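Have a look at the structure below, then the notes.
The values are calculated or read from the model by the stated rules, or taken from the named source; none is laboratory data. If you're wondering where the values come from, they're calculated on a predicted model, not measured in any experiment. Ideal geometry is used to build each Cβ from the backbone, glycine not excepted, and the neighbour counts take in all protein chains shown. Remember, those area values only see protein heavy atoms, side chains included, never the ligands or the DNA or RNA. Shrake-Rupley method; radii C 1.70, N 1.55, O 1.52, S 1.80 Å.
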Amino acid sequence: MKIFIAGGTSGIGLAIAEKYLKQGHEVAVCGRNKEKIDKIRKNDKLKIYRFDTYDKEVFEKAVKDFSNGELDIMIASAGNYSNSRTRRLTQEEAVNMLKVNIAGTINAFEIAREIMLKNKNGHIAAISSVAALLEYPGASVYSKSKRVVINLCEAYREALADFGIRVTAVIPGYIDTLKLRELNNNDVSKKPFIISEEYAADIIIKSIKENKEKIIFPLKMKIIVSILSILPKKMLSKILLRKSNGK
Ligand SMILES: NC(=O)c1ccc[n+]([C@@H]2O[C@H](COP(=O)([O-])OP(=O)(O)OC[C@H]3O[C@@H](n4cnc5c(N)ncnc54)[C@H](OP(=O)(O)O)[C@@H]3O)[C@@H](O)[C@H]2O)c1
């Protein structure tokens, strides 16, 4: 299979890329940071592109170059998050977050859709977050942007279902990536039910293979989130605010 992972030069995207490569597939990834790209260049089977997913023209050129008219899977993993519950984002940070989390994801859907429509076959998966599942006053821009990702998956799934194109919304809890560690002074021990990148990659690959519409994991996080989501919004807001203040 030919698989393009938008945002696969580190973290979850890279873990998925490495597993697909081991299975013998053709895999391409993209990212912006040159140092990260240089680090993974040693894997000469992995095709790497350097660009911002917000730039649709360059994105499209790269996917066309890689796919040569055939693309089996597109995974939109590029995303931006920060500790926005403990620190208010600047306007620039918030807009940048929206650009990659929403506009970049739409670009991935649109570019993949065009190629896949010609072959009447393909699968698109986008990475959201369990943060998207809790709606309450004061929820972060991040959680709202990831809620949009779930809605985009639903809309594209419905629009593309008759054309052989499948869509999976990936909704993970905490995953032990370098980025998450960097944001938490290398201490992720307080992150509930945190799982490894490798385990997350296995779940994501399996859910695509089994054509799952939506996958929320790990199970314990799914259960907690479903319990929290039935609380009155004001109470939920209070609980989460206290938690982010370390109480
Ligand atoms: N880790 C978690 O606990 C967790 C939980 C739930 C959901 N998620 C979601 O999972 C995804 C991956 O997170 P991660 O922890 O693996 O983070 P990560 O290591 O920072 O990976 C993000 C990847 O996307 C790339 N990227 C980011 N912005 C980009 C842009 N504008 N254009 C092109 N590439 C871009 C990054 O490379 P460059 O920075 O060099 O561009 C990197 O390759 C994100 O969407 C995140 O919201 C993560």
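The table below lists the values:
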read-out: The range 7-75: radius of gyration over Cα atoms, expressed as a fraction of 2.2 N^0.38 Å; value: 1.04
read-out: Set of aspartates and glutamates near LYS238 by C-alpha distance (under 18 Å), chain-local residues within fewer than 8 positions excluded; value: GLU135
read-out: Percent carbon-and-sulfur accessible area, the range 2-244, ignoring ligands, DNA and RNA, probe 1.4 Å; value: 52
read-out: Under the Karplus curve 6.51 cos²θ - 1.76 cosθ + 1.60, θ = phi - 60°, whole-Hz ³J(HN,Hα) for the range 27-38, x wherever Gly or Pro sits; value: 10, 10, 10, 9, x, 9, 6, 5, 4, 4, 5, 4
read-out: Contact order normalised by residue count of the chain, Cα under 8 Å, 6+ apart, percent; value: 19
read-out: Of LYS39/LYS214; LYS214/LYS234; LYS144/LYS214; LYS99/LYS234, pairs whose Cα-Cα distance is over 21 Å; value: LYS39/LYS214; LYS214/LYS234; LYS99/LYS234
read-out: For the range 1-126, convex hull volume per residue from C-alpha positions, Å³; value: 105
read-out: Projected label distance in nm at LYS190 and PHE163, using a 7 Å step from Cα toward the beta-carbon; value: 4.7
read-out: Range of Cα positions in the range 107-174 per principal axis (Å), largest first; value: 43, 19, 18
read-out: D (Stokes-Einstein, µm²/s), Kirkwood Cα radius, the chain, 1.306 mPa s at 10 °C; value: 86
read-out: Cα gyration tensor of the range 182-247 - equivalent ellipsoid semi-axes, whole Å, descending; value: 26, 19, 8
read-out: Vicinal HN-Hα couplings computed from phi for the range 183-189 (Karplus, 6.51 cos²θ - 1.76 cosθ + 1.60; Hz; Gly/Pro x); value: 6, 10, 6, 6, 10, 10, 5
read-out: Listed peptides 134-146, 201-213 by packing density, highest first (mean Cβ within 10 Å); value: 134-146, 201-213
read-out: Amide hydrogen neighbours beyond the local backbone of THR168, cut-off 5 Å, H modeled; value: ILE124, ALA125, ALA126
read-out: Vicinal HN-Hα couplings computed from phi for the range 155-161 (Karplus, 6.51 cos²θ - 1.76 cosθ + 1.60; Hz; Gly/Pro x); value: 5, 5, 4, 5, 5, 9, 4
